[in-house]
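What follows is one structure encoded as structure tokens, with my remarks underneath.
The values are calculated or read from the model by the stated rules, or taken from the named source; none is laboratory data. Only a predicted model underlies this, so the values are computations on that prediction, with no experimental measurement involved. Cβ placement follows ideal geometry from the backbone for every residue including glycine, while neighbour counts extend to all protein chains displayed.
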Amino acid sequence: MPRLTRINYLPRVFGFGATFIAIAWLTHVHEWSTGLYVLAVAYFLLYPHCVYWFDRLRESRKGIEVHAMMFDSFMLALWTVAIEFSGWVSFTLLAAVILNNTMTGGVSQFIRAIACYGLGLLAGVLLFGFHWSPQAPLGVEIITMIALQAYIFAVAWVFSRQNQRLFRTKTDAEKKNVIFSTMLNLTDLGDQSESFEQLVEEALKVLQGLYPNQSFGFALKDPDETETLHFAAFTSDLEEEQRASLRHQLSCVSEYLPQGHIISASEQDKGSFVFPLKQRFDRFQGFLLIHGPALPEEERQALRLLLKQLSTTIANKLLSLELKSAAERDALTGIYNRGRLEHEIADAQARLRDNKDEHFTVILIDLIGLKPINDQYGHIAGDQLICSVADALRATCREHDRLFRFGGDEFVILCRDKTGQGAGALMSRIDRNVKGQKVSLPTDQGDAMDVRIELSVGQAGSDQVPPEDVLKRADERMYEDKKRWYAARDRYRYR
């Protein structure tokens, strides 16, 4: 049913009903014809219901109410002439035309309504002649004033209800827009965050921006392990003591916990609410923690939508990181591969172009004797030797150094040193802690053998050679070191 028809129904019924009483009284006082009384019954008492039900029964979203309001303006002008311009009644009829049309259609509809009212006056004068009798009995004037007040009240009440509905609709729409915007933000975080930790940290900030009175935490837990968490992060407003307590509480949570379960409560209206994420992350179960005043059910429903989006974003990020790691990691040793090395060196060269002090050093390492190991004891022993060397080099490197497997038996360490002194110290540690160390290797025969790690090493820095020639120069020096190693030995043997 058209909204305007529904709005105007009650004001028209009340206003026309009171106007009918005034006109009926005038008809009796002035002893006008009975026909005028019958027309008043038809127009003021029956016509409002006809308009309402006609629009209600029609299968059309576009109502006839605007046309009916123009018709009202014309007809009320006719009645103004018919009742000989009776003072308060005429004023009330004109006021109804102005008020109703201006409130529902603005200035443009008001102008059209006044034009129809003027046509009605002209038609009335032509039909009934011009008779000016503004005086009316006191009772008629009182009824007319009451009718005008009732009409104004009815219009105001209807519009007040409509405004309340519109406000509720607007508020609801704004909340949904905020939720939708937050869901988009969570989706974008998956692409913008470089690490899983950064994604979770930013996601918790987004949620706290939506619910500023709450504190948030996120945890990953292996359901088969008790009292331990694989990962946990919290918003910055929680103190360390609170975080420790919440970590302990989350570590005791079962993955089958119902959503919204209270795991601790310091006050009746406050507590910690945990929401398990239904999607599994490898073998782990995710939990979102909300610490603060209890959320109403309406907010919880919105939060469940965000949880689904957060769960999907985290799962996609973990999968993306897993694929990225698989693409840039060596399958045997777990260290970075040659593709990642090329990317890192290009990045180091770009930084040096932007800042002449951002030098870098490359250390190229060759494992001597891998082929004889493979030929004599099998590839299982050779693979174990490669892994042992990778582990030893990884333990020797500093935190900001990057270790790569360059080829079958070659490794590269990329050092971001401005002077190369750190790389020189690293070379010394490799000589001291890796070269000559014994490792135990399994053989194809099922036994084990001890082998010393023998390496040839070459170093070059961008402060010595052009950046694009660093790797090549390190390779040349590594081969020079290998020649010296072979030249120092009459024959190659294992000891």
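Structure data summary
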| item | result |
| --- | --- |
| Selected residue (only one of TRP79, TRP25 is more than 18 Å from ALA113 (Cα to Cα) and among the aromatic types (Phe, Trp, Tyr)) | TRP25 |
| Residue match in the range 207-219 (condition: over 19 Å from the mean Cα position of the chain (by Cα), surrounded by 12 or more Cβ atoms within 10 Å (Cβ to Cβ) and either in the same structural domain as ILE290 (by TED's automatic domain parsing) or under 30 Å from ASN316 (Cα atoms) (or both)) | yes |
| Test: residue in the range 341-354 that is closer than 14 Å to PHE404 by Cα, exposed (fewer than 13 other Cβ atoms within 10 Å of the Cβ) and either modelled with pLDDT of 85 or more or out of contact with any Ser or Thr (no Cβ under 8 Å at 6 or more places or on another chain) (or both) | yes |
| Which listed residue is within 23 Å of GLY339 (Cβ to Cβ), in the same structural domain as ASP347 (by TED's automatic domain parsing) and not hydroxyl-bearing (Ser, Thr, Tyr), from ALA395, ALA474, ALA448, ALA425 | ALA474 |
| Unmet requirement for VAL41, which otherwise passes all of (1) part of a helix (DSSP H, G or I); (2) crowded, with 19+ Cβ neighbours inside 10 Å | (2) |
| Matching residues, the range 421-456, being among the small types (Gly, Ala, Ser) and surrounded by fewer than 19 Cβ atoms within 10 Å (Cβ to Cβ) | GLY422, GLY424, ALA425, SER428, GLY436, SER440, GLY446, ALA448 |
| Conditions (1) loosely packed, with under 11 Cβ neighbours inside 10 Å; (2) in the same structural domain as SER320 (by TED's automatic domain parsing); number of the one not met by ALA203 | (1) |
| Positions within the range 471-480 being of a type in the set (Asp, Glu) and surrounded by fewer than 18 Cβ atoms within 10 Å (Cβ to Cβ), in sequence order | GLU476, GLU480 |
| Of residues in the range 130-166 being exposed (fewer than 15 other Cβ atoms within 10 Å of the Cβ) and of a type in the set (A, V, I, L, M), the one farthest from ILE7 (Cα to Cα) | LEU138 |
| Unmet criterion (only one of (1) within 30 Å of PHE216 (Cβ to Cβ); (2) of a type in the set (Ser, Thr, Tyr); (3) not in a helix (DSSP H, G or I)) for SER311 | (3) |
| Condition met for ASP72 (of a type in the set (D, E, K, R), in a helix (DSSP H, G or I) and within 22 Å of GLY118 (Cα to Cα)) | yes |
| Residues located in the range 91-135, provided they are small (Gly, Ala, Ser), over 59 Å from the mean Cα position of the chain (by Cα) and on the phi < 0 side of the Ramachandran plot | ALA123, GLY124, SER133 |
| Hits in the range 172-199 - residues which are of a type outside the set (D, E, K, R) and more than 25 Å from HIS230 (Cα to Cα) | ALA173, ASN177, VAL178, ILE179, PHE180, SER181, THR182, MET183, LEU184, ASN185 |
| Contacts under 6 angstrom Cβ, first residue in the range 460-478 being within 12 Å of PHE360 (Cβ to Cβ), partner surrounded by 14 or more Cβ atoms within 10 Å (Cβ to Cβ) and aromatic (Phe, Trp, Tyr), 6 or more apart | SER462/PHE360 |
| Criterion: at pLDDT 80 or above and part of a helix (DSSP H, G or I) - qualifying residue of LEU204, LEU238 | LEU204 |
| Among (1) at pLDDT 85 or above; (2) assigned to a helix (DSSP H, G or I); (3) within 19 Å of PHE85 (Cα to Cα); (4) out of contact with any Ser or Thr (no Cβ under 7 Å at 6 or more places or on another chain) - the single one TRP32 does not satisfy | (2) |
| Test: residue in the range 131-154 that is of a type outside the set (Gly, Ala, Ser), at pLDDT 85 or above and part of a helix (DSSP H, G or I) | no |
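Yes/no per residue for (1) of a type outside the set (Phe, Trp, Tyr); (2) in contact with a helix residue (DSSP H, G or I) (Cβ under 6 Å, 6 or more places away or on another chain):
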residue: GLY120; (1), (2): yes, yes
residue: TRP132; (1), (2): no, no
residue: ILE142; (1), (2): yes, no
residue: ALA147; (1), (2): yes, yes
residue: ILE152; (1), (2): yes, no
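Condition check ((1) on the phi > 0 side of the Ramachandran plot; (2) crowded, with 17+ Cβ neighbours inside 10 Å; (3) under 26 Å from the mean Cα position of the chain (by Cα); (4) of a type in the set (Asp, Glu)) across all residues:
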{"residue": "LEU289", "(1), (2), (3), (4)": "no, yes, yes, no"}
{"residue": "PRO293", "(1), (2), (3), (4)": "no, no, yes, no"}
{"residue": "PRO296", "(1), (2), (3), (4)": "no, no, yes, no"}
{"residue": "GLN301", "(1), (2), (3), (4)": "no, no, yes, no"}
{"residue": "LEU306", "(1), (2), (3), (4)": "no, yes, yes, no"}
{"residue": "ASN316", "(1), (2), (3), (4)": "no, no, yes, no"}
{"residue": "VAL362", "(1), (2), (3), (4)": "no, yes, no, no"}
{"residue": "ASP366", "(1), (2), (3), (4)": "no, yes, no, yes"}
